[in-house]
Amino acid sequence: MQTVKRLDMLRNAVAALRQGGETLALVPTMGALHEGHLTLVREAARQADRVAVSIFVNPTQFGPGEDLDAYPRQLEADAALLEAEGVDLLWAPPVEAMYPDGFATSITVEGVSAGFCGADRPGHFDGVATVVCKLFHQVRPDVALFGEKDWQQLAVIRRMARDLDLTRPHVDSIVGVPTVREADGLAMSSRNRYLSPEQREAAGTLPRAMKEAIARIEDGQDVGRTLAALEDELLGAGFERVDYADLADAASLAKLNTLGQTPARLLVAARIGGTRLIDNMPVE
């Protein structure tokens, strides 16, 4: 595996990987890799001849008071994991390579970025869209893979790619990979390590309560009352706050009061012990 930290070296490395017409997949990450990330890498290897992974803790998607400084950085350990998976290229740029002096451009994706995490974290998805667009232009992958755990992020990236007519990757080649979960159902996340043992045990209530709520909604029970009961269950289990618990159209993220003919998702964000956990599941 080749590790590069300069843009000129990246371009040369990508050109070398594409010799002979090989296809290239990109898995963008912020590092602190876990089994969820490695699942994306393995799927990338199934989708393309060559696999590139980026590791970049993107400062523009963190707001004031968020955990930018505390966010785990373990490049050497992450690189070892990726090499063991057969990754061809690791792009690990420093901040100054991504945001050189005088950088003054930002991408805003209206609509899908407005609610949910976008409402609670102003500017977050501007940072996500901008850095992902830069990564796409730098690596020019044929396919890019993202975890479905960050469903709103996936919707924002797809909308951005569609609206800007990106060709590498084309919007249809932005692949969402199902959420990888712990034994108790909790979605894998780099932030799970912030939880104390007691908080981690209580956090398992989140996926269980979501599945129960989905069963009630699919059974035809009132959506509003079901979501209120979900919030009460989380607060009773030890969560300090529920930022949102909503049923939404899977593509537009418009909030729904009833199930319709289009795919829907249940999206939840809740805080426990200062850690913000997000999750989503399909509702049929």
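Would you call residue 233 assigned to a helix (DSSP H, G or I) and either closer than 21 Å to residue 120 by Cβ or assigned by TED's automatic domain parsing to the domain that holds residue 108 (or both)? Please lay out each step first, then the result.
Values: assigned to a helix (DSSP H, G or I): yes; either closer than 21 Å to residue 120 by Cβ or assigned by TED's automatic domain parsing to the domain that holds residue 108 (or both): yes.
In short, yes.
Within the bounds of the range 192-207, is there any residue that is at pLDDT below 95, surrounded by fewer than 17 Cβ atoms within 10 Å (Cβ to Cβ) and not aliphatic (A, V, I, L, M)? Spell out the reasoning first.
Going through the range 192-207, the residues at pLDDT below 95 turn out to be 192-194.
Okay, now just the ones that are also surrounded by fewer than 17 Cβ atoms within 10 Å (Cβ to Cβ), so 192-193.
Those still in the list that are not aliphatic (A, V, I, L, M) too: 192-193.
The answer is yes; a qualifying residue exists.
Identify, from the list 175, 128, the residue that is in contact with a strand residue (DSSP E or B) (Cβ under 8 Å, 6 or more places away or on another chain), over 21 Å from residue 245 (Cα atoms) and not hydroxyl-bearing (Ser, Thr, Tyr). First the steps, then the outcome.
On the way: 128 fails: in contact with a strand residue (DSSP E or B) (Cβ under 8 Å, 6 or more places away or on another chain).
Every option except 175 fails the conditions.
If I filter the range 34-49 for residues that are assigned by TED's automatic domain parsing to the domain that holds residue 148, free of Cβ contacts under 8 Å to residues at least 40 places away in the same chain, farther than 28 Å from residue 185 by Cα and crowded, with 20+ Cβ neighbours inside 10 Å, do I get at least one hit?
no
Please find, among 76, 83, 66, the residue that is surrounded by fewer than 17 Cβ atoms within 10 Å (Cβ to Cβ), over 20 Å from residue 134 (Cβ atoms) and free of Cβ contacts under 8 Å to residues at least 40 places away in the same chain. Reasoning before the result, please.
Numbers: 83 fails: free of Cβ contacts under 8 Å to residues at least 40 places away in the same chain; 66 fails: free of Cβ contacts under 8 Å to residues at least 40 places away in the same chain.
Residue meeting the stated conditions: 76.
Which one of these is of a type in the set (Asp, Glu) and in contact with a Gly (Cβ under 9 Å, 6 or more places away or on another chain): 198, 218, 212, 233?
Numbers: 218 fails: in contact with a Gly (Cβ under 9 Å, 6 or more places away or on another chain); 212 fails: in contact with a Gly (Cβ under 9 Å, 6 or more places away or on another chain); 233 fails: in contact with a Gly (Cβ under 9 Å, 6 or more places away or on another chain).
Matching residue, one of 198, 218, 212, 233: 198.
So which of 215, 237 ends up being in contact with a helix residue (DSSP H, G or I) (Cβ under 6 Å, 6 or more places away or on another chain), aliphatic (A, V, I, L, M) and surrounded by fewer than 18 Cβ atoms within 10 Å (Cβ to Cβ)? Outline the logic, then answer.
Values: 215 fails: in contact with a helix residue (DSSP H, G or I) (Cβ under 6 Å, 6 or more places away or on another chain).
Just one listed residue meets the conditions, 237.
The values are calculated or read from the model by the stated rules, or taken from the named source; none is laboratory data. Computed from a predicted model, the values in this text were never measured in an experiment. Note that each Cβ is placed from the backbone with ideal geometry, even for glycine, and that neighbours are counted across all protein chains shown.
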